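Single-structure report; data block below.
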Amino acid sequence: MTMKGQSFEAVFGRPAKVVAEAPGRVNLIGEHTDYSGGYVLPTAIPQKTRIEMSPRGDGLVQVATMSVNRGGQRWFRVGEESRGGLWLDYVQGITAVLRGRGVSISGFDARIESSVPLGSGLSSSASLLVALARALRQMLDLSIDDVEIARIAHAAEHDFVGAPVGNMDQMAASLADEHTALFIDTRTLAFERIPLPAEAELLVVNSGVAHQHASGDYKTRRAECERAAELLGVPQLRDVDAAAEQRIASLPAPLDRRARHVVTENARVLAAVAALRAGDLGRLGELFDASHRSMRDDFEVSVPAVDALVESARAQPDVFGARLTGGGFGGSIVALVKRGCAERVGRAVVEAYARTPGRQATVLVGGPAA
Ligand code: ADP
Ligand code: MG
């Protein structure tokens, strides 16, 4: 029997005490910069993760998710969290990190439901972690602010789940909204909300390509950035400015290209913030395009199918710019489109993509209103 649609009460035999949500995100620009202490510019998407929760007194945590195959129900004991390579790790990560900060948790029942597609680069993981942390904050009346929530979620994913991710996703899930872009300095976690232009909308299309070794390649890129910073004599690539072109070029390949991507991408985030403030959509679109080229040629995290999707979006009228968004090796593209045109552009792009056998794309944001 499928658990989809089963209410909290149907699963746990009592009502939920608190409800909390957190959105998925799409990154507008600033890719693979967060683990180098750089700048990023994500925004929240309409899809979100919703948690219902009620406390228990016996130290048990029982969790039901409606999002994995046919639903799933698992449990663990607070204080005995251990990594199992499953979705439950995200829940265990949050309780382990909170306990490490001195929070006492006497157990709970939780139901998870999410409209964020899992593993499509829209950060279902961070939205789950942040929604869980918010539910616990509310249920236990914890005085932690939203940046702290992001830090807790990041520690859970990085240290407990064991994903070598930067902190953009958790900051976005905790602090972003759909009407503004969240300009984050990932080194200090200082942030600013920049209003999105009323004349444009976002289109996000999933390529349907998922690279099998994406997490291994991500680790390689991260290590390359760390090595490049070391050779340049700085703590992180964030500390290299674009004027250091010659020194970057003197690095051994491919570290020269990797460093060039991060350094120029940081500069593009700052330029994108300026373009947003000036309402210059043409300039913003150019920066999207330049970011994609840099990810494709210098950072080498794109794949031909994603390049084709980006090209076909760009070829449409009323598109200011388009790029691969998220970690890459497959995943989704984001396009900046004239308001009112995203649905049409999305349809055209999906159709053109399907002309190559075996390719099937899905509009995730900007499609017909649900
Ligand atoms: P992304 O964050 O881009 O969607 P990740 O690989 O980082 O992809 O995270 C996806 C994983 O997060 C899933 O495989 C699952 O373990 C966990 N997850 C996310 N949302 C849920 C959910 N609603 N229920 C259970 N697990 C979830
Ligand atoms: Mg994730």
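The values are calculated or read from the model by the stated rules, or taken from the named source; none is laboratory data. Fair warning: this is a prediction, and the values are worked out from it, not measured in the lab. All Cβ positions, glycine included, derive from the backbone under ideal geometry; neighbour counts span all protein chains shown.
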Problem set entry | G72 vs. criteria touching a Leu at 6+ places or on another chain (Cβ under 9 Å) and under 30 Å from D185 (Cβ atoms) | no
Exercise. Can you spot a residue in the range 313-333 that is buried (at least 18 other Cβ atoms within 10 Å of the Cβ), more than 20 Å from the chain's Cα centre (by Cα), hydroxyl-bearing (S, T, Y) and more than 22 Å from Q236 (Cα to Cα)?
Worked result: no
Problem set entry | Which listed residue, of A214, A190, A163, is touching a strand residue (DSSP E or B) at 6+ places or on another chain (Cβ under 8 Å) and at pLDDT below 95 | A214
Problem set entry | Residue check, N69 surrounded by fewer than 22 Cβ atoms within 10 Å (Cβ to Cβ), outside the structural domain of E265 (by TED's automatic domain parsing) and out of contact with any Phe, Trp or Tyr (no Cβ under 6 Å at 6 or more places or on another chain) | yes
For this session: Given the conditions (1) assigned to a loop (DSSP other than H, G, I, E, B); (2) modelled with pLDDT under 95, report the number of the one that V209 does not fulfil.
Result: (1)
Exercise. When V337 is evaluated against the numbered criteria (1) touching an Asp or Glu at 6+ places or on another chain (Cβ under 7 Å); (2) not in a strand (DSSP E or B), which criterion, by number, is the only one it fails?
Worked result: (2)
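Given the criteria in a loop (DSSP other than H, G, I, E, B), at pLDDT 95 or above and surrounded by 19 or more Cβ atoms within 10 Å (Cβ to Cβ), does E31 qualify?
Working: in a loop (DSSP other than H, G, I, E, B): yes; at pLDDT 95 or above: yes; surrounded by 19 or more Cβ atoms within 10 Å (Cβ to Cβ): yes.
So E31 passes the test.
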Exercise. Looking at S114, S36, S54, S125, which is the one that is modelled with pLDDT of 95 or more, of a type in the set (S, T, N, Q) and more than 30 Å from A181 (Cα to Cα)?
Worked result: S54
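Can you find even one residue in the range 176-197 that is within 15 Å of ligand 2 (Cβ to nearest atom) and either assigned to a loop (DSSP other than H, G, I, E, B) or within 25 Å of R283 (Cα to Cα) (or both)? Quick ask: steps written out before the conclusion?
From the range 176-197, those within 15 Å of ligand 2 (Cβ to nearest atom) are 176; that's our starting set.
Keeping just the survivors that are either assigned to a loop (DSSP other than H, G, I, E, B) or within 25 Å of R283 (Cα to Cα) (or both) gives 176.
Checked the range 176-197: at least one residue is within 15 Å of ligand 2 (Cβ to nearest atom) and either assigned to a loop (DSSP other than H, G, I, E, B) or within 25 Å of R283 (Cα to Cα) (or both).
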For this session: Just one of (1) in contact with a helix residue (DSSP H, G or I) (Cβ under 6 Å, 6 or more places away or on another chain); (2) away from ligand 1 (no atom under 14 Å from the Cβ); (3) not basic (K, R) trips up Y90, so point out which.
Result: (2)
Exercise. Of everything in the range 104-126 that's aliphatic (A, V, I, L, M) and within 18 Å of the chain's Cα centre (by Cα), which residue is surrounded by the fewest Cβ atoms within 10 Å (Cβ to Cβ)?
Worked result: L118
Problem set entry | All positions within the range 334-350 that are touching a helix residue (DSSP H, G or I) at 6+ places or on another chain (Cβ under 9 Å) and surrounded by fewer than 18 Cβ atoms within 10 Å (Cβ to Cβ) | K338, A348
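Evaluate the following for A354: is it among the hydrophobic types (A, V, I, L, M, F, W, C), surrounded by fewer than 18 Cβ atoms within 10 Å (Cβ to Cβ), out of contact with any strand residue (DSSP E or B) (no Cβ under 6 Å at 6 or more places or on another chain) and without any contact (Cβ under 8 Å) to a residue 40 or more places away in the chain?
Values: among the hydrophobic types (A, V, I, L, M, F, W, C): yes; surrounded by fewer than 18 Cβ atoms within 10 Å (Cβ to Cβ): yes; out of contact with any strand residue (DSSP E or B) (no Cβ under 6 Å at 6 or more places or on another chain): yes; without any contact (Cβ under 8 Å) to a residue 40 or more places away in the chain: yes.
Yes: the conditions hold for A354.
Looking at D89, D169, can you tell me which residue is over 16 Å from E21 (Cα atoms), within 14 Å of ligand 2 (Cβ to nearest atom) and buried (at least 17 other Cβ atoms within 10 Å of the Cβ)? Spell out how you get there, then give the answer.
Details: D169 fails: over 16 Å from E21 (Cα atoms).
Only one candidate qualifies: D89.
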Exercise. In this structure, is S106 among the hydroxyl-bearing types (S, T, Y) and either modelled with pLDDT under 95 or in the same structural domain as L270 (by TED's automatic domain parsing) (or both)?
Worked result: no
For this session: Check L203 against each of (1) within 15 Å of the chain's Cα centre (by Cα); (2) buried (at least 18 other Cβ atoms within 10 Å of the Cβ) and name the one condition it does not meet.
Result: (1)
